[in-house]
């Protein structure tokens, strides 16, 4: 830190990033941060995978929103994506710009940088300080107000877990009611004259009952979605099965193009829960696409860096994973919809739907150490890209000792 600031004042400022009040904006906080550290300038740009939508730069006197990103940012982004946690870029007349990543959970990664005057060099202590600040900023209200809600995966899982307990109890009671309705309707329909008004009414009751049963089935899925079934499963076989199942349900000209390689490594998720996850995502993509269009499913082996792993909402670990992408050709996910999808559990834009699908997908992935990410396609391509990752079966954690396993089972 330069004499104008210092390590002590820089560290003392950090808790302010975790404040939560009406003044929590990047524009309000960053000048004070620059003043506390003694830097010449600091900046935040997000995301780095495309042209930054948010770029804020600040000196100790003022902040600029919608600022022009540094010209070297694309090159720095490549280094941050695959290289060390910090990158130092030489800038004439200064000690250089020091960059590090910000990776909000479930979101694309961005960058934070700081610039200081000569002759103060950047030290390892400065690098560690900037990394620590980035970890706090990426969870802060300041950043969430600039880029949309930032979600804590474990907190979202707890909210859905509480809802799942209620859903399971409701589903059991509604099953009993619907069984009676459907049973007596089936017994009554042969007694009604064919084509009569009574027959039509009974048919409507039967249709409504069928929709109710489909709904309770989703409630059961939500209730059971956190059950871990880590037996090795084949992504290629599961995608093929779900594509075949959905083909019979959507005879409106929509097609699903399966581009999943047959030789992918097995993942640590049984075919049952994996089919539930991929089935919901493919079905959503068909709903989002125009009639007669094509939904594309691809998959590949990936080696995720820590920053890339944090880009998925869930419990993804760095290292080898299988990534499955479902791409539709619809109008694309709107920013306000994307911001609410997981921040508001059960949020949906579909008529007659209850938003249970993505909740089931998330709980299943979280339980199996996977994750999900939803992005608009990169222009000029239309549509939305939904990416999910599954850990490899070969990377599955070792079975816990008997004593620990017994304790865990009793607690559940």
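The values are calculated or read from the model by the stated rules, or taken from the named source; none is laboratory data. None of these values were measured; they are calculated from a predicted model. Quick reminder, even Gly has a Cβ in these numbers, built from the backbone with ideal geometry, and neighbours come from all protein chains shown.
Data table
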item: Residue match in region 327-335 (condition: under 15 Å from the mean Cα position of the chain (by Cα), at negative phi and in a helix (DSSP H, G or I)); result: yes
item: Pair list, Cβ under 6 Å, 6 or more apart: region 180-200 residue surrounded by 10 or more Cβ atoms within 10 Å (Cβ to Cβ), other residue part of a loop (DSSP other than H, G, I, E, B); result: 198/192; 199/192
item: Leading residue by the ranking (surrounded by the fewest Cβ atoms within 10 Å (Cβ to Cβ)) among those in region 155-171 that are free of Cβ contacts under 8 Å to residues at least 12 places away in the same chain and farther than 13 Å from residue 222 by Cβ; result: 155
item: Filter result for residue 248 (out of contact with any strand residue (DSSP E or B) (no Cβ under 7 Å at 6 or more places or on another chain) and buried (at least 19 other Cβ atoms within 10 Å of the Cβ)); result: no
item: The lone exception for residue 277 - which of (1) modelled with pLDDT of 85 or more; (2) not in a helix (DSSP H, G or I) it fails; result: (2)
item: Qualifying residue in region 288-305 (condition: free of Cβ contacts under 8 Å to residues at least 24 places away in the same chain and either not in a loop (DSSP other than H, G, I, E, B) or not assigned by TED's automatic domain parsing to the domain that holds residue 85 (or both)); result: yes
item: Hits in region 97-141 - residues which are assigned to a helix (DSSP H, G or I), more than 24 Å from residue 24 (Cβ to Cβ) and free of Cβ contacts under 8 Å to residues at least 60 places away in the same chain; result: 124, 127, 128
item: Residue under evaluation residue 78, criteria (1) in a helix (DSSP H, G or I); (2) surrounded by 20 or more Cβ atoms within 10 Å (Cβ to Cβ), criterion not met; result: (2)
item: Qualifying position, being without any contact (Cβ under 8 Å) to a residue 24 or more places away in the chain, farther than 24 Å from residue 105 by Cβ and either more than 26 Å from the chain's Cα centre (by Cα) or not assigned by TED's automatic domain parsing to the domain that holds residue 143 (or both), among 68, 59; result: 68
item: Residue 204 vs. criteria crowded, with 16+ Cβ neighbours inside 10 Å and either without any contact (Cβ under 8 Å) to a residue 40 or more places away in the chain or in a helix (DSSP H, G or I) (or both); result: no
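For every residue, the table says whether it meets (1) at pLDDT below 85; (2) within 18 Å of residue 144 (Cβ to Cβ); (3) touching a helix residue (DSSP H, G or I) at 6+ places or on another chain (Cβ under 7 Å).
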position	(1), (2), (3)
310	yes, yes, no
314	no, no, yes
318	no, no, yes
323	no, no, no
326	no, no, yes
332	yes, no, no
335	yes, yes, no
340	yes, yes, no
344	yes, yes, no
